[in-house]
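Please read the structure below before turning to the comments.
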Amino acid sequence: MIISISYLKRNFIFNVLRFVAYIARTWLLLGVSITAPGFLIFLLFPLFPESPRWLLSMGRVDEAAVILRRIAKINKTSYKLTKEELIQILHKIVEFQKEKEEQVLGFWTLFSGKRLAFITCLVSIVSATNSMIYEQITLNTPYMSGNQFLNFFILSVVELPGSVLSGYLIGNLGRRWTPVIFGIFMGIVCLVAGLVSENMSILIILCVILAKFAVAVTFLVIYVQATELFPTPLRATGGAVASTISSIFGLLNPSVIYTGKYYSGAPYLVMSVISFIGCICASFLPETLRQHLPETIEDATDFGVGMKYWSIHPDYDRKKRKSIRRQSEVYIRSKSISVPLENDNNTKI
């Protein structure tokens, strides 16, 4: 939900950018206008709390306790545990995690096992394909028929319903089949835009609008999916690797647009191929909706094993989830503390 809201705000800024570009006209004034407000983020930085789960994975119990107490106070549940009890419980959880895994984590840990390396590569490819298509559609806007400012505005507005629909689908249809379905749809409309006659400008513009709508849906999903697929200590590292690879492949975007100099539909044909590659890779990623998410390297290595390819809402790990909770409760009770552990994507503190 938070990612969906932030994505909607981003789309709103894109809509405003159209009017800024229309007024500025020169690249220098436009560049200053859109980069200067970015410095405001430094004023908001102190308002964002660190992730308690990440703090626990780093052994910073006291800091995690402060944030959890603040969350509990907002949710009006702070009366259930005192500060001392919470800190004691968090220490036991950290001990439990250390017993399960004691190793130095880093970039190469993402490739320490076949399963984790496979997921890392797939997430990076899917992220790169989504980013490339999104940027290529944007870069190709000036070469479309009609007013370039109006085209940019329409392509920005269409992202708003796409983001809303994406937020609904990832909570109901799932994180895996949503990008696959819309990836196939995006590949088809890009193929049509690339094959039809250049004189059928209205049909081409319609296909591009539909493609931008589809990529707005899939773009949001990969952010959520990448966050959930990587274990807690490697979540930021995995996301950074996927983002870096996307940026490297993004260097090819101007060259793809340049192919339109020889054939106007060539960029759309390339986008179609990229889209089909992305949706094929996305179909092999495990579903994370209502699943026990990986917290350690061992969890990530086993995550998704046993899922059927054509399953929509796999429930294979419900028994495993109950078993993990039972083992955790038994361990903590053995330390004279009884705490029911929830480890779900629907957890509420």
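Overview of results
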quantity: Global form of the stretch 32-121, assessed from the alpha-carbon gyration tensor, a/c cut-off 1.5; calculated: oblate
quantity: Furthest towards positive pole of dipole, 89, 129, 170, structure part the stretch 88-175, Cβ charges; calculated: 89
quantity: Per residue, in Å², the accessible surface of the stretch 198-322 once ligands and nucleic acids are set aside, probe 1.4 Å; calculated: 46 Å²
quantity: Per-residue ³J(HN,Hα) for the stretch 251-267, Karplus 6.51 cos²θ - 1.76 cosθ + 1.60, θ = phi - 60°, Hz, x for Gly and Pro; calculated: 5, 7, 4, x, 5, 5, 5, 5, 5, x, 5, 9, 8, 4, x, 4, x
quantity: Cα centroid of the stretch 11-61 to Cα centroid of the stretch 124-167, whole Å; calculated: 19 Å
quantity: Estimated inter-spin distance, residue 196 and residue 118, nm [label 7 Å along Cα→Cβ]; calculated: 4.1 nm
quantity: Highest-first arrangement of 184-194, 42-52, where packing means the average Cβ count within 10 Å; calculated: 184-194, 42-52
quantity: Local net charge near residue 170, Cβ-Cβ under 13 Å (Lys/Arg +1, Asp/Glu -1); calculated: +1
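The values are calculated or read from the model by the stated rules, or taken from the named source; none is laboratory data. Note that this is a predicted model, so its numbers are computed, not measured. No Cβ is skipped: glycine too gets one built from the backbone with ideal geometry, and neighbour counts run over all protein chains shown. Accessible surface areas use protein heavy atoms only, side chains included; no ligands, DNA or RNA. Shrake-Rupley method; radii C 1.70, N 1.55, O 1.52, S 1.80 Å.
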